[in-house]
Each structure stands twice: as C-alpha cells, then as structure tokens.
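The values are calculated or read from the model by the stated rules, or taken from the named source; none is laboratory data. Because the structure is a prediction, the values reported are computed rather than measured. Glycine gets a Cβ as well: all are built from the backbone with ideal geometry, and neighbour counts include every protein chain shown.
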Amino acid sequence: MARLLIVSPPLHFEQHLRRSFQPPLNLLYLYAYISFRGHEVVLLECASVDETVTAIISRSPDFVGIPLYYASLENAFAIVTRTRQRSPDIRMIAGGPCLTMEPERMMREGGFDFGVMGEGEETLHDLLSSAPNADVWSSIKGLVFRVDGELIVNPTRPPIASLDALPFLDFSVVDNDYYFSFQQKMGIPPTVFLNSSRGCSFRCSYCCTPVLWPGPVRRYSPQRMIDEIRFQLERFPGSEIGFCDDSFFSDRNWLKEFLRLVKPLSIKFQCIGRADHLTPAIIGELVDSGLTYIAFGVETGNSSRQARLHKNLDLAKLVATMKELSRYRVKTKCFFMLGFPDETIEEIAETINLAVALKRLGMNFFSIFPVTLYPGTELAGQFPTSHFQCGLDAHLPEIIRDHLEISQADQDRLDSRFNELLTQRQMVDVVSLAWEKVERAETVSAKELQHLINKTEPQSSAPVVTGSHQEK
C-alpha cells in the first residue's frame, strides 16, 4: 500500500504563521478512512513552511496531500514548490475547498500532480490503490490529474451514502495538549470536535457549502454519534463535545432522538445552528441535555439583504432566541459580514446596530468580517470580480483584530476597490469601528459611518452610495 503524508498547512496572516485552536477536523476524517483501508498515513502539523518541508523530506512519502483553503493558500503553494526543489519525485495531491471550486487554477498555480475534488475519502483511496497509469486514473471519479502536461478533470463522485460506515476519529495523531492549552488561553474548555452531518439544507448565496456539498444533508444516526462520543470521552474524560456542522437543529426528529440518547451521558456540548430553528421548548431540552454554547451565523441586519442572500434568517426570532439563551446562561457567539458588493451605508449601520442590540441582550462573543467572494458561489457570479482585486481579503480580520503592521506593498493595494462603496483601506476602518461599537454596546449612525469614510481619501475617488439601489 502507498505511503501518504497529509499536511495541514499553517495559517498565514501577514507576519504571523499560526495553527488553529482546534485540530484539522476534515483531515482527521480523511486520515481515519485512509488508514482504515490499509494505507500507511501520517498527519503532519507544523508552524512554518520550512518546518513542514523539512519534515516531508525526512519522511520521504510516496504522496503528500495538502488541503487548499484561502487562508493558507500561499503557504500550501510554497510547501509544494520548496518540496519539489529538494525531492522532485514525491507526488503532490491537492484537495479541499479551493481545489473543489477552482480545480484548473489550483492545479496550474500550485503545480500539483493530482487533485481530489469534493468528498475525499473514496477518491483518495482509489488513487493510492491504483496502478500509475492514465487509463486507470481516468476511471477514478472526483480525480484531477495530468497526462503529458494536459490537465484532465474527471466527473465528480457521488457523496458517501452512509456516514455511519465511516470509522471513528483518532485524535492520538495530533498534539492534543497543544490544542487544549490553546483553548484554555482563549477561555474555551477542553473540547473534542466532531461533525454530526455533512452539507446544509440552506443555499446561502455567499457560502461555499452548496458548491462543496451540493446534495441533501447527510447525518450520522443519533446512535452512531452517541457511540463515538462515548469512544472519545473514554480517551479525553471531562472534555466537552463541539459539533462543527453548519445547522445542528435543522432536523427536528434527529435532534429529538439525539437529545434523548445524549442526556443520560451527562456531557456538555457546543454547536452551530440557526437561531430561528429554536423555540423556548427546544432550548430547554438542549440545556437539560448539556448545551453550553451556540454559534449563530447572522451575517446582515437588513431583512431585504437576508432574502437576497437566500439566508432568510428571521431577525425577530433571532432576538427572541438570544433573550431565551441569556436566561439560561448559555454562551453565544454571532458572526456578521460587512461590505457586500452593493451594500449601502444604511445597511452597514443596520448590521452593526443589530450586533449591538444582541450584545445588550447577552451575546458573549462576536466576529465581524469583510465579505469575501468565493469563486463558484452564487454571489461571486452576480458581481464583477474587479471590485475584489486587492487580495487582502483573507488577512483583513486579523489585521483588524490584532492591529498587525501591513507591508508597504499591501498598503498600496489597500487603495484598490473593495466594493462599489469602499476601498480596502476604508473597509478596514469601517470594520474596525464596528468591532469597537459592538464591544462597547454603542449604536452607530449612517452619518457617523459616512464621516469615517470621508476621512480616508482613496488615491482614486470612490463613489459614495447611500440609500437603496439596484444590483447589477
């Protein structure tokens, strides 16, 4: 069987190279399946590109698999380039969201030998088990490969029918002491993260999930989840369980059965979901079963924008849910986005002020991000990409929160367009102000935002857009 090294590339935010506060969950699912099928697999986590390349060379695997995410894309490409310079015979495999959404560009710019689109378990196993010839590769669904310099993109592979057939995760292959210590520094209790499903029942226009998981939601059965929770807590007693899937509450029947089974375990758990899926009765059942934390994607405080994004979050129910969760002292976090391509100053103010209202109701944590148009999403197809040419999008949240220095080259690019209203530099100022306002629970007016924008003079004038106007 083949020897595979799966690399988790370090995140790149300007000068800072860093790992996340949670293990690379998608890679752990891949590791579990590929090792279960008999291949020799190592999962490698390093804090720098040089450290990663040195580790790859020392292990001399047959294949190196690298997931491509926009926040670590530069480092992933650098790992491939530097590895090839020292050991050109190692075959490089790309996977992850970027490869799935832009296979030709990622293969071309990254210099990979193979690409695995979509759900990777079965496609990767077939590749590792195959004879090294194009006739065999052409029969592997979900595979991208090269023949004499020509890029071949095979048909996509159907999703795995039964998630229950997948093996349990093996967290012993990552540095759990590091992650638990990192979580403690962030005020997060030691947490074992799992998925209870794949996909999402909603099709928000800005989101990658409809592209990555185009079919219906698939769930592990409630009993299968209970079995894995028991398995993991035997290894990490006292830990909480964190569910990372997109919409934990969307299937009422599944949720009811899961809560019935999990309550006797007396565990604590965290999850992500839609606030308008919750009622006082469901919240009470969740709390009785061990719920300690919920994260909500809110995105915008404008109801019309909610509809245009196909999210259709009921903002009144969001407010009611926040009140109820605060009553139970459940910790909450909400995510917001600013800078949609045609967003007005008034809309931006609405979103900030909704976040302020939720903060006053007891919202514990929040994140405010500039909008990023991901290739392949519906939103990216609606607007010209020239508005998003700067290339700083993945770095902006860290610049804003950590006040990192920006290189001169990036300073120059900050004057390029962010959207129809703002330059990148103005977007940084607006999002920075939004963080400050929400942290202090102070509302903002459109006039105050306009004044802030006018203070930052772009090199080329930016049109000021107020009030409603049509999408292009």
Hits in region 185-204 (condition: among the charged types (D, E, K, R) and either touching a residue at least 12 places away in the same chain (Cβ under 8 Å) or touching a Ser or Thr at 6+ places or on another chain (Cβ under 9 Å) (or both)):
Arg198, Arg203
Subset tally (residues that are outside any loop (DSSP other than H, G, I, E, B) and either in contact with an Asp or Glu (Cβ under 7 Å, 6 or more places away or on another chain) or among the hydroxyl-bearing types (Ser, Thr, Tyr) (or both)) for region 336-370:
6
Going by the conditions given, is Ser72 of a type in the set (Ser, Thr, Tyr) and surrounded by fewer than 21 Cβ atoms within 10 Å (Cβ to Cβ)?
no
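Considering only region 82-131, give the helices (runs of 4 or more DSSP H) lying wholly within it that have at least 3 residues that are touching a residue at least 60 places away in the same chain (Cβ under 8 Å) and within 15 Å of Val7 (Cα to Cα). Full working, then the answer.
Details: elements: 96-101, 103-110, 121-129.
In region 82-131, no matching helices (runs of 4 or more DSSP H) lie anywhere.
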Identify the single condition in (1) over 25 Å from Val298 (Cβ atoms); (2) outside any loop (DSSP other than H, G, I, E, B); (3) modelled with pLDDT under 95 that Val211 does not satisfy, given that it satisfies every other one.
(1)
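Out of region 39-60, which residues are part of a loop (DSSP other than H, G, I, E, B) and surrounded by 20 or more Cβ atoms within 10 Å (Cβ to Cβ)? Step through it out loud before you land on a result.
First, pick out the residues of region 39-60 that are part of a loop (DSSP other than H, G, I, E, B): 39, 46-48, 60.
Cys46 - this is the single residue of region 39-60 that is part of a loop (DSSP other than H, G, I, E, B) and surrounded by 20 or more Cβ atoms within 10 Å (Cβ to Cβ).
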Give just the number: which of (1) out of contact with any strand residue (DSSP E or B) (no Cβ under 7 Å at 6 or more places or on another chain); (2) surrounded by fewer than 19 Cβ atoms within 10 Å (Cβ to Cβ); (3) under 20 Å from Cys200 (Cβ atoms) does Asp251 not satisfy?
(1)
Filter result (part of a helix (DSSP H, G or I) and surrounded by fewer than 17 Cβ atoms within 10 Å (Cβ to Cβ)) within region 262-284:
Lys263, Pro264, Leu265, Pro280, Ala281, Gly284
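Matching residues to (1) at pLDDT 80 or above; (2) within 27 Å of Ile294 (Cβ to Cβ):
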| residue | (1), (2) |
| --- | --- |
| Ile368 | yes, yes |
| Gly376 | yes, no |
| Cys390 | no, no |
| Pro397 | no, yes |
| Gln411 | no, no |
| Asp415 | no, no |
| Thr423 | yes, no |
| Val438 | yes, yes |
| Glu442 | yes, yes |
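Sort through Phe36, Phe63 and tell me the only one that's in contact (Cβ under 8 Å) with a residue 12 or more places away in the chain, in contact with a Lys or Arg (Cβ under 7 Å, 6 or more places away or on another chain) and not acidic (Asp, Glu).
On the way: Phe36 fails: in contact with a Lys or Arg (Cβ under 7 Å, 6 or more places away or on another chain).
One residue alone meets the criteria, Phe63.
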Do we have Ser205 as modelled with pLDDT under 95, among the hydroxyl-bearing types (Ser, Thr, Tyr) and surrounded by fewer than 19 Cβ atoms within 10 Å (Cβ to Cβ) here?
yes
Checklist (1) under 30 Å from Gly339 (Cα atoms); (2) buried (at least 18 other Cβ atoms within 10 Å of the Cβ); (3) in contact (Cβ under 8 Å) with a residue 60 or more places away in the chain applied to Arg308, failing item:
(2)
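To keep it simple, each residue is scored yes or no on (1) closer than 21 Å to Thr377 by Cα; (2) in contact with a Phe, Trp or Tyr (Cβ under 7 Å, 6 or more places away or on another chain); (3) among the polar types (S, T, N, Q).
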residue: Arg274; (1), (2), (3): yes, yes, no
residue: Ala281; (1), (2), (3): no, no, no
residue: Leu286; (1), (2), (3): no, no, no
residue: Leu291; (1), (2), (3): no, yes, no
residue: Ile294; (1), (2), (3): no, no, no
residue: Glu299; (1), (2), (3): yes, yes, no
residue: Leu309; (1), (2), (3): yes, yes, no
residue: Asn312; (1), (2), (3): yes, no, yes
residue: Ala320; (1), (2), (3): no, no, no
